Amino acid sequence: MPSFPDVDAMNAPLEQLQTGFEQALVIAFGPELAGTDPMLGPASNPKFGDYQSNIALVLAKQLGQPPRAIAEQIIHHLALSDICHPPVVAGPGFINLTLKASYLEEQLAVMHSDRRLGVPRAKASKRVVIDFSSPNIAKEMHVGHLRSTIIGDCLARILEFQEHDVLRLNHVGDWGTQFGMLIAYLKEAYPAALTTSNALELGDLVTLYRQAKQRFDQDEVFREASRQEVVALQAGEAITQRAWQLLCEQSRREFQRIYDLLDIKLTERGESFYNPLLPAIVSDLERLGLLVEDQGAKCVFLEGFTNREGKPQPLIIQKSDGGYNYATTDLAALRYRIQQDQADWIIYVTDAGQANHFAQVFQVARRSGWIPEDVTIAHVPFGLVLGEGGRKLKTRSGDTIRLQELLNEAIARARADLEARLQEEGREETEEFKAHVAEVVGIGAVKYADLSQNRTSNYVFSYDKMLALQGNTAPYMLYAYVRVQGISRKGQINFEKLTQNPQLSLVEEAELVLAKHLLQLSEVLEQVSTDFLPNRLCQYLFELSQKFNQFYDGCPVLTAAEPLQVSRLALCDLTARTLKLGLSLLGMQTLDRM
RNA sequence: GCGCCCAUAGCUCAGUGGAUAGAGCAAUCGCCUUCUAAGCGAUCGGCCACAAGUUCGAAUCUUGUUGGGCGCGCCA
């Protein structure tokens, strides 16, 4: 195991250019320009160079000078000759910058020697609560849980990598009136399960739910029994409690199968956890004078929300029958996460349809003074999963699609693809190999397809597209990684033992392009952790794969003479490590062969 | 009716107030005696829904219009 310097390395060229510009601005135009954003960004077109600054255009009015003249003065004072070629003023006053090969070579060497590939840790580690996945007990996880689970896990992984202190919470629906019905049915149909442990394997909770619902709809006596069970559950009555436990345990086992398959870790803390805290929410709101009784229900009337009649809309805190709503639970959870979990950030990853609900809950919490100034709360919304017809994704018979089946299908299709390919190429592989590749490709495809879209828009689910071998897909990226491993095998190269400080020499255009892209990793991760848009990371990894494939196409590695070979091996190694890290942050595994 | 989200190439989508708006797929045409061609190159494809406004500069910000999705009092 090579020893990596355990220090923060910064490989983002942007940051260094930024500093140079800030200094030049002060020297050229005086100290009042200290701290001015130099408007640096990637060049809009590669022919202009690598980066551009638009600051001259911005300052034109303020300084009363033509933008090009300002740009000339700035570049006159820029001390960036170590980093880039002489800056060029172009068009109306853009300053174009092109990085020097020597600079890229140095930076890549730094990146190569760093276990974190030059990605800095967060300047201040925050306590982050991220609430995602959240299926309902006694129901199956379905396609509706897919995006929350995948996106939430990805964001958690990125924040964890930045060394924030992340608490991943699974806010499962384990409480509510539907449990009365379920428990009543359990007592009626499977009484042995309540007294003898493991007397019953509740194979299919969906069927149980359906049968219970049917009884509930048809039988008045059963309905009354169900209501009694809700009361008994609230009161903590032993047998009822046991039935509830049984349901929760069974669901938990089924959820865990899916989380294992998806490689997702979560701490379960369901709605029931906050149950004892609900009365205090009501009494505290009452004390604050926010609570109004209306038609028997205790409500907070909201600012900026109106109902169909144009009157202020209430948020119901306690129903007229004394029961609580999910808004109450969410308020209690919010308060607990701030006070007990000591959260600095609280992130909710749920569908966009809940935007109103969260805006309302946050408003009430804010008006109650429960959210300190330094605590940041964010709803991270995402769009619906649609079928290829553009309608909500359903099975042919109109049922919602079970998540387990969806994942199985993706794996099965990946397997079929692989087997067809093996036959075509006359390859023989073990069952173990085939099963593993199919799982990594299938699960990776489902995750990548979801994450590679801007989460705010609806997402059209298509097995064919996510498993396509070309384009912005999981298989394409996995293949780029496999190609590097191929080089390693063929040339018997152990990348971990590749010299500590490889001498890089970037000659070919494809090498320069790849090098520049590799060095943008930190910038991309920084951005994703700010705007919570994983598709930006996907885009980066896709472009990295493309650029690697172009390099692979035009720059032979194993047949290259020294010192070029070491340099190219280092580029391969950096690409592979960047892909592996990036994909792992998306929650994806890599393969050495496929 | 009100609120939130969305509208960019035939399709699926990127796009950070900046230069001639980009990918992928599909279509058409090339490239395997050379590290896995699951690859690479090229061609074709645009009224950034519409209209005003702000700005030196708008796909991007504001307002309005049209079209679509989601939600809106005792489910979560």
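Note on the range A:513-535: among residues that are open to solvent by 30 Å² or more (accessible area, probe 1.4 Å) and under 22 Å from A:Gln16 (Cα atoms), the one that is farthest from RNA strand B (Cβ to nearest atom) is A:Lys516.
Consider A:Ile346 carefully, then state whether it is in contact with a Pro (Cβ under 8 Å, 6 or more places away or on another chain), modelled with pLDDT of 95 or more and either buried (at least 17 other Cβ atoms within 10 Å of the Cβ) or not β-branched (Val, Ile, Thr) (or both). Step through it out loud before you land on a result.
Details: in contact with a Pro (Cβ under 8 Å, 6 or more places away or on another chain): no; modelled with pLDDT of 95 or more: yes; either buried (at least 17 other Cβ atoms within 10 Å of the Cβ) or not β-branched (Val, Ile, Thr) (or both): yes.
Criteria not met by A:Ile346.
If you go through the range A:307-320 and keep only what is open to solvent by 50 Å² or more (accessible area, probe 1.4 Å) and more than 6 Å from RNA strand B (Cβ to nearest atom), you end up with A:Glu309, A:Lys311, A:Pro312. Of A:Arg455, A:Arg427, all but one fail to be touching a residue at least 12 places away in the same chain (Cβ under 8 Å), part of a loop (DSSP other than H, G, I, E, B) and open to solvent by 20 Å² or more (accessible area, probe 1.4 Å); the exception is A:Arg455.
The listed residues are A:Ala79, A:Ala109, and the only one of them that is out of contact with any Asp or Glu (no Cβ under 7 Å at 6 or more places or on another chain), modelled with pLDDT under 95 and outside the structural domain of A:Phe29 (by TED's automatic domain parsing) turns out to be A:Ala109.
Of the residues making up the range A:157-168, none is among the polar types (S, T, N, Q) and either at pLDDT below 85 or within 16 Å of RNA strand B (Cβ to nearest atom) (or both). A single member of A:Tyr463, A:Tyr540, A:Tyr476 is among the aromatic types (Phe, Trp, Tyr), open to solvent by 10 Å² or more (accessible area, probe 1.4 Å) and either within 11 Å of RNA strand B (Cβ to nearest atom) or free of Cβ contacts under 8 Å to residues at least 24 places away in the same chain (or both), and it is A:Tyr476. Might you check whether a residue that is assigned to a helix (DSSP H, G or I), more than 14 Å from RNA strand B (Cβ to nearest atom), open to solvent by 10 Å² or more (accessible area, probe 1.4 Å) and outside the structural domain of A:Ala156 (by TED's automatic domain parsing) occurs anywhere in the range A:548-568? So far as the range A:548-568 goes, no, none of its residues is assigned to a helix (DSSP H, G or I), more than 14 Å from RNA strand B (Cβ to nearest atom), open to solvent by 10 Å² or more (accessible area, probe 1.4 Å) and outside the structural domain of A:Ala156 (by TED's automatic domain parsing). When A:Leu302 is tested against the conditions (1) near RNA strand B (Cβ under 8 Å from one of its atoms); (2) assigned to a strand (DSSP E or B); (3) touching a helix residue (DSSP H, G or I) at 6+ places or on another chain (Cβ under 9 Å), the lone failure is (1). Just one of the listed residues (A:Leu302, A:Leu266, A:Leu278) is open to solvent by less than 30 Å² (accessible area, probe 1.4 Å) and under 21 Å from A:Trp175 (Cα atoms), and it is A:Leu278.
Residues of the range A:363-378 that are open to solvent by less than 50 Å² (accessible area, probe 1.4 Å) and more than 12 Å from A:Ile338 (Cβ to Cβ): A:Gln363, A:Val364, A:Ala378.
Counting the residues of the range A:102-115 that are farther than 23 Å from A:Leu579 by Cβ and open to solvent by 20 Å² or more (accessible area, probe 1.4 Å) gives 1.
Inspect all residues belonging to the range A:403-416 and state whether any of them is touching a strand residue (DSSP E or B) at 6+ places or on another chain (Cβ under 8 Å), among the β-branched types (Val, Ile, Thr) and open to solvent by 20 Å² or more (accessible area, probe 1.4 Å). Checking the range A:403-416: not a single residue is touching a strand residue (DSSP E or B) at 6+ places or on another chain (Cβ under 8 Å), among the β-branched types (Val, Ile, Thr) and open to solvent by 20 Å² or more (accessible area, probe 1.4 Å). Just for the range A:48-80: of the residues that are more than 7 Å from RNA strand B (Cβ to nearest atom) and of a type in the set (D, E, K, R), which one is least open to solvent (accessible area, probe 1.4 Å)? Ranking the qualifying residues of the range A:48-80, first place goes to A:Asp50.
The values are calculated or read from the model by the stated rules, or taken from the named source; none is laboratory data. Just so you know, these numbers come straight off a predicted model, no measurement behind them. No Cβ is skipped: glycine too gets one built from the backbone with ideal geometry, and neighbour counts run over all protein chains shown. Calculation scope for accessible area: heavy atoms of the full protein, side chains included, ligands and nucleic acids excluded. Shrake-Rupley method; radii C 1.70, N 1.55, O 1.52, S 1.80 Å.
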